[in-house]
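What follows is a single structure, written as structure tokens, with notes after it.
The values are calculated or read from the model by the stated rules, or taken from the named source; none is laboratory data. Since we're looking at a predicted model, the values are computed, not measured. Because the Cβ atoms are built from the backbone with ideal geometry, glycine has one as well, and the counts that use them run over all protein chains shown.
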């Protein structure tokens with residue numbers, strides 16, 4: 001006696017046992033026939049009716065046929081069964097994978113269940129079994145085994161035969177794991193249980209024949225995950241890491257474990273699941289619930305996915321749990337929860353906000369893991385890992401300040417990985433010959449992967465100006481640089497120097513730019529955003545403020561929620577319209593206006609990004625906002641010296657101009673802001689182009705006169721005549 005060489009040899013040997021059963025039953029059927037009737041199966045003869053009436057319930061005619069024959073059949077089957085079991089044990093002891101045995105253990109199948117699978121698969125491997133089944137079922141059209149035939153083949157004892165009917169209930173393994181499906185004879189609608197027929201699932205057939213390809217009906221909704229990193233390599237809070245290590249090293253038991261991973265997309269939920277499975281030496285199958293909702297039969301798909309996980313000995317990762325939170329999805333949610341509670345030994349449920357009702361799993365250990373946003377130190381560690389192995393440009397090796405990148409961009413682990421990949425692609429596109437990531441490539445990639453949903457709520461401004469373009473007194477420029485330094489060194493001050501533990505309020509940065517229109521407030525905001533490598537979003541008050549009660553707060557909530565992950569500078573122009581003083585409550589309008597201001601105070605306190613408020617009327621700002629400001633920068637009207645520098649910088653170098661233009665006279669004679677001077681320079685250029693001439697003093701004076709008229713300023717007679725002469 002020797003072991004089976006492989007799983008297929010074992011399967012074919014087991015089907016030989018089915019052959020013996022079929023031969024015995026065919027012999028009994030033939031012995032019961034008085035003569036060979038060519039119309040057998042098409043009608044019932046008088047003799048056949050008498051024989052049916054004479055057979056008592058529980059003692060079919062084939063049981064009374066030749067006791068000696070029954071004894072011989074039993075002895076033959078027992079000998080064959082003993083031989084197969086011995087060879088099976090030898091194979092398992094030798095480490096040979098027998099898929100039929102693996103299926104038995106994984107799905108907790110009984111000997112009867114395995115027999116049903118063998119009877120069904122025989123017809124799928126050789127069509128002669130279809131004809132034999134038709135003969136035994138007395139109908140040439142019934143080529144698939146029926147439940148009655150299976151019971152007759154596998155159970156000789158009538159009591160065991162009745163008990164075996166329970167193996168075809170919906171909760172029994174055969175149907176629960178979709179190993180077989182039941183179907184009816186079209187000519188016999190609504191038959192009893194024993195009148196139904198069996199079909200072995202195609203995925204089970206392919207598995208027994210050696211294939212590990214997933215069921216094609218659920219393959220679009222699932223995938224086998226790559227092995228995860230070691231648990232020690234995870235960048236998570238120490239408490240989370242300790243809990244995961246405890247789960248990884250916990251002794252295996254029959255009690256299932258469901259781990260609820262709650263955190264925003266890209267926060268590392270999938271990585272944690274893969275790492276835990278690697279620690280337990282268990283493969284992982286990931287399921288996309290959002291796509292699975294489009295399946296024709298949600299419950300059947302869940303059962304097939306559960307079967308795939310059991311066949312692979314894998315844990316299940318259910319992604320997109322939030323898609324089942326709406327009330328209309330509650331029936332599907334209940335189906336999923338039942339499946340999770342009865343599924344493989346280890347399961348993961350990933351969601352952003354939806355809670356997982358622990359009451360749905362009375363016999364399951366439920367572990368909740370909340371993934372908080374990464375700290376600056378954690379982001380820095382992930383950036384260092386992402387940079388390792390990347391090719392950097394020579395000028396970028398020392399210039400890239402990873403701590404600054406980690407402080408400015410509040411990225412998830414996935415965003416950090418994707419940003420580094422994008423930076424490498426940008427570098428290759430910029431210079432294929434010398435692929436190396438530059439500082440600009442990295443910042444462009446980070447801005448690209450910042451949350452772009454904010455652009456639907458605010459207007460994005462691309463910074464185009466720098467420090468050389470703005471004219472301000474030295475003290476004001478120093479204040480603007482201090483704002484940038486506050487963001488550059490926030491990780492060092494808050495985390496490394498310990499100030500984070502001393503702060504009760506938010507660690508965000510809020511600055512107020514106050515001054516008349518045109519004095520450079522928007523330009524200063526652009527310069528700060530450009531210096532920090534962040535996008536600038538200007539809040540459009542028309543899309544925020546609503547006459548309907550409560551709508552303004554909802555709009556603001558959307559802006560701040562998106563801004564938390566947008567890694568951008570928020571710029572509130574005309575901020576006094578939103579952050580104005582609260583007034584005494586005289587009517588309901590005052591009350592709700594004060595509620596809006598109170599809500600803004602709360603959100604500003606919680607906001608950890610950069611917010612710049614600009615106003616022309618500082619005195620209109622509520623004092624509660626002023627107390628929360630880290631910086632206040634006053635933009636005064638420029639003096640003559642500043643106006644002269646503005647005139648010098650406003651005309652581009654490529655603009656043709658008359659050398660006789662007297663910029664000093666323009667700065668001395670006309671009291672203008674930087675915005676006015678810019679408008680005048682552009683208007684003068686158009687006047688010169690229309691004259692097919694270069695820009696001359698006459699063009700600048702004419703444009704200045706138009707600007708004064710637009711501003712509504714009074715002009716004395718001859719004032720512009722004198723200036724243009």
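Details
- Note on the stretch 223-295: enclosed helices (runs of 4 or more DSSP H) holding 3 or more residues that are closer than 29 Å to residue 330 by Cβ and modelled with pLDDT of 90 or more are 269-279, 289-292.
- Matching residues, the stretch 179-207, being in a loop (DSSP other than H, G, I, E, B), over 43 Å from the mean Cα position of the chain (by Cα) and under 18 Å from residue 137 (Cα atoms): 185, 186, 187, 188, 189, 191, 192, 196
- Count - residues of the stretch 691-706 that are under 18 Å from residue 652 (Cβ atoms) and either part of a loop (DSSP other than H, G, I, E, B) or free of Cβ contacts under 8 Å to residues at least 12 places away in the same chain (or both): 3
- Residue 350 being closer than 30 Å to residue 250 by Cα, within 22 Å of the chain's Cα centre (by Cα) and either surrounded by fewer than 18 Cβ atoms within 10 Å (Cβ to Cβ) or at pLDDT 80 or above (or both): yes
- Any hit, the stretch 258-278, residues being touching a residue at least 40 places away in the same chain (Cβ under 8 Å), more than 19 Å from the chain's Cα centre (by Cα), assigned by TED's automatic domain parsing to the domain that holds residue 348 and surrounded by fewer than 17 Cβ atoms within 10 Å (Cβ to Cβ): no
- Test set (1) more than 23 Å from residue 172 (Cβ to Cβ); (2) in contact with a helix residue (DSSP H, G or I) (Cβ under 7 Å, 6 or more places away or on another chain); (3) outside any helix (DSSP H, G or I) - residue 108 fails condition number: (1)
- Subset of the stretch 613-624 (residues that are touching a helix residue (DSSP H, G or I) at 6+ places or on another chain (Cβ under 7 Å) and surrounded by 17 or more Cβ atoms within 10 Å (Cβ to Cβ)): 613, 614, 615, 621, 622
- In the stretch 318-328, the qualifying residues are those that are touching a residue at least 24 places away in the same chain (Cβ under 8 Å) and surrounded by fewer than 21 Cβ atoms within 10 Å (Cβ to Cβ), and the one that is nearest to residue 287 (Cα to Cα) is 320.
- Of the residues making up the stretch 216-243, those that are without any contact (Cβ under 8 Å) to a residue 40 or more places away in the chain and farther than 22 Å from residue 262 by Cβ are 216, 219, 232.
- Restricted to the stretch 401-467, the set of helices (runs of 4 or more DSSP H) holding at least 2 residues that are surrounded by fewer than 16 Cβ atoms within 10 Å (Cβ to Cβ) comprises 413-430.
- Checked against (1) within 20 Å of residue 23 (Cα to Cα); (2) surrounded by 14 or more Cβ atoms within 10 Å (Cβ to Cβ); (3) out of contact with any strand residue (DSSP E or B) (no Cβ under 6 Å at 6 or more places or on another chain); (4) at pLDDT 85 or above, residue 131 passes all but condition (2).
- When residues of the stretch 468-479 are limited to those that are in contact (Cβ under 8 Å) with a residue 40 or more places away in the chain and not in a loop (DSSP other than H, G, I, E, B), the one surrounded by the most Cβ atoms within 10 Å (Cβ to Cβ): 476
- Matching option when the condition is modelled with pLDDT of 90 or more and surrounded by fewer than 13 Cβ atoms within 10 Å (Cβ to Cβ), among 71, 111: 111
- Meeting the requirement of 1 or more residues that are over 28 Å from the mean Cα position of the chain (by Cα), farther than 30 Å from residue 440 by Cα and modelled with pLDDT under 70, no strands (runs of 3 or more DSSP E) wholly within the stretch 512-626 can be named.
- Whichever residue in the stretch 628-644 is farther than 30 Å from residue 662 by Cβ and assigned to a loop (DSSP other than H, G, I, E, B) and, among such residues, is modelled with the lowest pLDDT: 628
- Single residue of the stretch 354-372 satisfying the filter (under 14 Å from residue 263 (Cα atoms) and at pLDDT below 85) that is surrounded by the most Cβ atoms within 10 Å (Cβ to Cβ): 356
- Candidates in the stretch 152-176 are the residues that are within 19 Å of residue 124 (Cα to Cα) and touching a residue at least 24 places away in the same chain (Cβ under 8 Å); of these, the one that is surrounded by the most Cβ atoms within 10 Å (Cβ to Cβ) is 174.
- Condition check for residue 144: in contact (Cβ under 8 Å) with a residue 24 or more places away in the chain, assigned to a helix (DSSP H, G or I), under 30 Å from residue 305 (Cα atoms) and touching a helix residue (DSSP H, G or I) at 6+ places or on another chain (Cβ under 8 Å): no
- Within the stretch 497-511, if we keep just the residues that are in contact with a helix residue (DSSP H, G or I) (Cβ under 8 Å, 6 or more places away or on another chain) and assigned to a helix (DSSP H, G or I), the residue that is surrounded by the most Cβ atoms within 10 Å (Cβ to Cβ) turns out to be 500.
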